[in-house]
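The values are calculated or read from the model by the stated rules, or taken from the named source; none is laboratory data. Keep in mind that what you see is a predicted model, and the values were worked out from it rather than measured. No Cβ is skipped: glycine too gets one built from the backbone with ideal geometry, and neighbour counts run over all protein chains shown. Protein only, heavy atoms only, side chains kept; ligands, DNA and RNA dropped before computing areas. Shrake-Rupley method; radii C 1.70, N 1.55, O 1.52, S 1.80 Å.
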Amino acid sequence: QTKEAAKRHRASWIELGQYLFTIHKDKHFKNWGYLSFEAYCMSELGMKQATASKLLKSYSFLEREEPRLAAAKFSEDESPKAIPNYESVNLLRLAKESEKIPARDYADLRKAVLESGKEPKEIKAQVKQLLEENEEPETPEAKRAKRNSSLRRLMTVLNSAKREFESEKLLPAFLLKQITDLIGKLQDQLE
């Protein structure tokens, strides 16, 4: 009985996600007097928008990518540990959408979520590690472009502030001159 209760507990998010998916897709919430899906979830279910969104997206991902897991019969046949956590599934969904995670790494992540039933904390750490490993080093050209962009933004802010200070006579002339000099020095730093 305990094992069955644990199974129902772990699988309940899939069932809830299925209901939410149908309500969202068919816009049933409008028939019930709600202007938005989020308003329905908050008012009727007492569910935060972020939670409803994760459940909806996680279920939708399962239905599209792993239909056997979204089927009602799946949770009846599996052990509680084999039913993935919705937050882990959501992380898997985000990893699948990321261009920074290669297919082979995604396959390992998929196995960790869907076959090993790893918890969200473990999956989040694994995704973070994969993103760090696959992050391309910044090229000198990219670094130079980033530096120049930052310098230009700073000069724009300084020019705007200087004009305002001048027109409103908010600063003495010697400070306005220092701002002008600083803008010139920053201009010289552009590559």
Task: Enumerated helices (runs of 4 or more DSSP H) restricted to the stretch 16-74, each holding at least 3 residues that are exposed (fewer than 15 other Cβ atoms within 10 Å of the Cβ) - done: 28-31, 49-65
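Just a yes or no: is a residue in the stretch 94-113 of a type in the set (K, R) and open to solvent by less than 50 Å² (accessible area, probe 1.4 Å)?
No, that holds for no residue.
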- [ ] Tell me which residues, restricted to the stretch 1-10, are assigned to a helix (DSSP H, G or I) and surrounded by fewer than 19 Cβ atoms within 10 Å (Cβ to Cβ).
- [x] T2, K3, E4, A5, A6, R8, H9
Open item on the list: Out of L190, L92, L109, L114, I need the residue that is more than 30 Å from S53 (Cβ to Cβ), in contact (Cβ under 8 Å) with a residue 12 or more places away in the chain and touching a helix residue (DSSP H, G or I) at 6+ places or on another chain (Cβ under 8 Å). Which one?
Closed with: L190
Open item on the list: Among the residues of the stretch 114-147, what is the count of those that are in a loop (DSSP other than H, G, I, E, B) and surrounded by 12 or more Cβ atoms within 10 Å (Cβ to Cβ)?
Closed with: 5
- [ ] Restrict the check to the stretch 148-171 and report whether at least one residue is among the β-branched types (V, I, T) and more than 29 Å from the chain's Cα centre (by Cα).
- [x] yes
Open item on the list: Scan the stretch 56-70 and tell me whether some residue there is under 21 Å from the mean Cα position of the chain (by Cα) and more than 28 Å from N134 (Cα to Cα).
Closed with: yes
